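The values are calculated or read from the model by the stated rules, or taken from the named source; none is laboratory data. Values in this document were obtained by computation on a predicted structure and should not be read as measured data. Neighbour counts are summed over all protein chains in view; Cβ atoms, including those assigned to glycine, are modelled from backbone coordinates with ideal geometry.
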Amino acid sequence: MFSLMQRASRGDDVYEEDASVRALEQYVAELAGHDAALFCASGTMSNQLAFRASLLQPPASILCDTRSHVYRYEAGGIAALSQATVYAAQALANNGHHLTVQDIARDFVVDDRDVHMAPTRLISLENTLDGAVMPLQEMQAIAAFARSNNVRLHLDGARLWNATVAQGCSLKDFTKECDSVSLCLSKGLGAPIGSMLVGNKALIQKARHFRKMMGGGWRQAGGLAAVAQWCIENVWPTMQETHDLAAYLAKGLVQHGAKLSVPVETNMVFLDLAGTGVQLSEFSTQLEAEEGIKIGSKEAPRDQTQVRLVLHYQISKEAIDRLLAAFGVMAAKARSNSSNGVNPTPNSPGGRSAYNSK
């Protein structure tokens, strides 16, 4: 990656003069089947630019999943930057796995000139969400619903790379259904920084203007763009191996008595230690001290039992085997203590989010 950065162009992207950035934007736009793309600093920025550039004039509302990143984890950006109300829909039609067109229709606010309401002007989906894949067929159904009601469809596709691998389809199969899409470069793909926003030329030009307004104008960004393109070309094809390794990790943890709070469909394992007698903070501390493996939960409070483990292409099967072996020893010790009348560490499910853990 450092070698690529050394050879990359060093133009000024604010003036659209950097060759490496232009190449990345053209490459991703073609992959996604859209007219244009914009290289941004983060997924939060690309999502918020999509909303702001859609020019939703109040009163207007955005409809999204109640668990979605744009609703919960972007610091109230929709209200602050786009002056739009957010209606958060629950995924009820299929036991919370993903939003369906039935869920969308239930919470959709029709523009019937009722002055009390803020009509839905944009639907925002997220794929994947907590590692779970929204099937392509469901996205197509929601896209058809959006078009029939003349509203825009945005996709927070921070981990859409993983969804395409899990579904066995192309990126374009998903993205062509949407008016705008955010694609993260730094999560599963492993680029140092960045996210792409794709859409038509008018939306991207408006987003470029707002990106500058919000302090997101790149100067010498060519090195970052060159690395990001390398990651798409070289890391994306390895994702099936990472998904398989996540499934292997999940199976091993369950065999040692742990539970999964979310099904493993891509590269995320939502681990729940409730009932194992193993305290999350102790497991994290011991794992780092004895195996050199960090899961970022050494300071977890005693009532936290859940943690999100996210695998990427640099994690080896050998590291997973070491983690499983360490957990197996701790779980066996906890069972032995319990059978000998030693009370295990209180370990009941709490209300803390595994999302906030590493």
ask   = Only one residue in VAL227, VAL264, VAL254 is more than 16 Å from TYR27 (Cβ to Cβ), among the β-branched types (Val, Ile, Thr) and buried (at least 20 other Cβ atoms within 10 Å of the Cβ). Which one?
value = VAL264
query = Within the bounds of segment 315-331, is there any residue that is of a type outside the set (Asp, Glu) and in a strand (DSSP E or B)?
reply = no
task = Could you check, for segment 50-60, whether at least one of its residues is buried (at least 19 other Cβ atoms within 10 Å of the Cβ) and farther than 28 Å from ASP173 by Cα?
result = yes
inquiry  = So, in segment 310-358, exactly how many residues are at pLDDT 95 or above, under 26 Å from ARG67 (Cα atoms) and either over 24 Å from the mean Cα position of the chain (by Cα) or not assigned by TED's automatic domain parsing to the domain that holds SER297 (or both)?
reply    = 0
key: Unmet criterion (only one of (1) surrounded by fewer than 21 Cβ atoms within 10 Å (Cβ to Cβ); (2) among the small types (Gly, Ala, Ser); (3) within 17 Å of the chain's Cα centre (by Cα)) for GLY43   = (1)
task = Among the helices (runs of 4 or more DSSP H) lying completely within segment 1-92, list those that include at least 3 residues that are at pLDDT below 95.
result = 2-7
message = Here is a list: GLY277, GLY296, GLY222. Which entry is at pLDDT 95 or above and in contact with a Ser or Thr (Cβ under 7 Å, 6 or more places away or on another chain)?
response = GLY222
key: Number of the condition not met by SER281 [criteria: (1) polar (S, T, N, Q); (2) surrounded by fewer than 20 Cβ atoms within 10 Å (Cβ to Cβ); (3) assigned to a loop (DSSP other than H, G, I, E, B); (4) without any contact (Cβ under 8 Å) to a residue 60 or more places away in the chain]   = (3)
Qualifying residue in segment 128-150 (condition: free of Cβ contacts under 8 Å to residues at least 60 places away in the same chain, crowded, with 21+ Cβ neighbours inside 10 Å, assigned by TED's automatic domain parsing to the domain that holds LEU55 and more than 21 Å from the chain's Cα centre (by Cα)) = yes
